[in-house]
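Data block below; observations after.
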Amino acid sequence: MSNVCYSLVKRPNPLKKNAPKKFYAVVQKSGNMSYEKLKEDISFSTTCTPGEVSLIVETLLRYIREGLKAGQSIYLDKFGQFRLSFSSKGAESAKDFNTDLIHGLRVVFHPCKELKPERKNIVFEKKATVTEQKALLKAQLKEGNTGGNTGGNTGGNTGGDKPGDESMD
């Protein structure tokens, strides 16, 4: 089982602007995995060196980019599908439309079934938001709790959503 941390955020319903705000769960990431770490992990579990892994990944990315620029959808079995998407402003008539009205070019990725996590294998754990953590720290400092770490761990792993907010345990 894997633990995924979340916190609650109060937001309006985007479909019903006048409806009262409700609380929604948002993922609190546990950290970042760098490209270097990924290469080392792949290298450790295969016969490839980190340099060979890098060569393969960078070549794969080059061919994905080329395929997307050619208007192709790239399907990688047991990984997922990449495709281009964009938005455009409207024109009064087809004759008035030009490519300057196209914007928001982006790559869309749809993971395959094997890559999607199964809910039954994940345990959801509620954590404080970064704002709640800061408020707690501020309150503790106001109370004069500045004498070092003599009381043990009072906060636990509270997650975070910015670099540097990762878990320390």
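The values are calculated or read from the model by the stated rules, or taken from the named source; none is laboratory data. Predicted model only: the values in this text are computed from it and were never measured. Counting neighbours? That spans all protein chains shown, and the Cβs are built from the backbone with ideal geometry, glycine included. The area values use the complete protein model at the heavy-atom level, side chains included, leaving out ligands, DNA and RNA. Shrake-Rupley method; radii C 1.70, N 1.55, O 1.52, S 1.80 Å.
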Among ASN32, LEU101, ILE42, pick out the residue whose Cα is farthest towards the positive end of the charge dipole of the chain, where Lys and Arg carry +1 and Asp and Glu carry -1 on C-beta, about the Cα centre. LEU101
To the nearest 10 degrees, the tilt of helix 50-69 (Cα long axis) against the first principal axis of the alpha carbons of the chain is 50
In the chain, what % of DSSP beta bridges are antiparallel (nearest 5)? 80
Using alpha carbons only, how many angstrom separate the centre of region 1-49 from the centre of region 64-121? 22
So what's the angle, to the nearest 10 degrees on a 0 to 90 scale, between helix 130-142 and the longest Cα principal axis of the chain? 20
Take the Cα radius of gyration of region 15-97 and divide it by 2.2 N^0.38 Å, with N its residue count; two decimals is plenty. 1.79
Rounded FRET efficiency, nearest 0.05, which uses the C-beta distance separating LYS29 from LYS120 and R0 of 22 Å: 0.55
List the pairs from LYS37/LYS138; LYS21/LYS78; LYS37/LYS113; LYS22/LYS89; LYS39/LYS138 whose alpha-carbon separation is above 28 Å, in the order I gave them. LYS37/LYS138; LYS21/LYS78; LYS22/LYS89; LYS39/LYS138
Solvent accessible area, Å² - SER43, 1.4 Å probe, full protein context: 20
Does the chain classify as rounded, prolate or oblate by the C-alpha gyration tensor (a ≥ b ≥ c root eigenvalues; a/c under 1.5 gives rounded; else a/b over b/c gives prolate, otherwise oblate)? oblate
What angle do you read, to the nearest 10 degrees and between 0 and 90, between the alpha-carbon axis of helix 35-44 and the longest principal axis of the chain? 90
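Let me check against my output: what whole-number percent is the relative contact order of the chain, with C-alpha pairs under 8 Å and at least 6 apart? All intermediate terms of the calculation are to be shown ahead of the outcome.
Working: 188 pairs, mean separation 44.2, N = 169.
In percent, rounded to a whole number, it is 26.
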